[in-house]
Amino acid sequence: MSISIKWFPPSWFQIKTKDEIIYIDPAYLRTYFKDYPKKIEFSKWPGPIDGLPEELEKADVILLTHHHKDHCKSVTVNRLKDADTLVVAPKRCIKELGKDIKVIEPWEEITFGDIKIKTVEAYNAEQGISSRKIHHKGYGVGYLITIDGKTIYHAGDTDFIPEMRELGKVDVALLPIGGTFTMDIKEAVEAAIAIKPKVVVPMHLFKADPQEFKKKLEAKSNIKVVPLQIGEVYH
């Protein structure tokens, strides 16, 4: 692809093209980066810990899936934006980010230059496998991002939900596999088979083994699984 996708935990991605840089769910939490040698911390506890995993370019677009602090953190967003950055988030993120954002709900469409963004549902379903049902329908979103003719789906924090069968063409799906607040490996395999992307990048891992997910999905489908290390890039 002419697109690069870089992962940071838990569900933070940088999507870069020749002309644009998009971040999804950028939130620096020290616990995820304590052993990462490139990390940069600008402040310490008891202040809001302000840092970046490494030197990162400013964003053209920042997309937030929901209001939890491991996905939506103002000091991280502020490090990555400038005066022209479009920040898109659900209404519940206003408390953290302020009102200078584009507030969205599921099933909205936005165009920013050559980037087409569609919001979709993301939530914990009663029948879903997640053990903690804290992502209620309507509170958060997933994103379909179409750029350079390719569509990337960031599922957000969600179980396998019926709406995933209606996404249309997806080239790369970024799917949670952790199992506590989201679907687990078994359910993520079912979701991927329903979505039919060419590639899946696992995220929101917690203690789940992305290699186990890779083995199980690739045994049941022609979908390629690309587990990324912190800061690793998929082209």
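Miscellaneous remarks
- Qualifying residue in segment 41-55 (condition: in a strand (DSSP E or B), of a type outside the set (Lys, Arg), within 17 Å of the chain's Cα centre (by Cα) and within 24 Å of residue 134 (Cα to Cα)): no
- Among the residues of segment 4-19, the ones that are assigned to a loop (DSSP other than H, G, I, E, B) and hydroxyl-bearing (Ser, Thr, Tyr) come to 2 in all.
- Condition met for residue 58 (farther than 16 Å from residue 80 by Cα and surrounded by fewer than 17 Cβ atoms within 10 Å (Cβ to Cβ)): no
- Subset tally (residues that are part of a strand (DSSP E or B) and under 12 Å from residue 63 (Cβ atoms)) for segment 82-119: 11
- Complete set of residues in segment 20-48 that are acidic (Asp, Glu), out of contact with any His (no Cβ under 9 Å at 6 or more places or on another chain) and closer than 17 Å to residue 233 by Cα: 20
- Residues (of a type in the set (A, V, I, L, M) and farther than 13 Å from residue 13 by Cα) located in segment 53-76: 75
- Test: residue in segment 25-40 that is in a loop (DSSP other than H, G, I, E, B), crowded, with 22+ Cβ neighbours inside 10 Å, touching a Cys at 6+ places or on another chain (Cβ under 9 Å) and on the phi > 0 side of the Ramachandran plot: yes
- Qualifying residue in segment 206-214 (condition: outside any loop (DSSP other than H, G, I, E, B), in contact with a strand residue (DSSP E or B) (Cβ under 7 Å, 6 or more places away or on another chain) and closer than 20 Å to residue 33 by Cβ): yes
- Of all the criteria given as (1) under 30 Å from residue 110 (Cβ atoms); (2) assigned to a loop (DSSP other than H, G, I, E, B), the one not satisfied by residue 22 is (2).
- Per this entry, residue 85 is not counted among residues that are surrounded by 14 or more Cβ atoms within 10 Å (Cβ to Cβ) and closer than 24 Å to residue 200 by Cα.
- Long-range neighbours under 8 Å by Cβ, at least six apart or interchain, first residue over 21 Å from residue 146 (Cβ atoms) and of a type in the set (Gly, Ala, Ser) within segment 21-35, second surrounded by fewer than 24 Cβ atoms within 10 Å (Cβ to Cβ) and at pLDDT below 95: 27/69; 27/70
- Of everything in segment 150-190 that is part of a helix (DSSP H, G or I) and touching a strand residue (DSSP E or B) at 6+ places or on another chain (Cβ under 6 Å), the residue that is nearest to residue 7 (Cα to Cα) is 188.
The values are calculated or read from the model by the stated rules, or taken from the named source; none is laboratory data. The model shown is predicted, which means the values in this text are computed figures rather than measured ones. All Cβ positions, glycine included, derive from the backbone under ideal geometry; neighbour counts span all protein chains shown.
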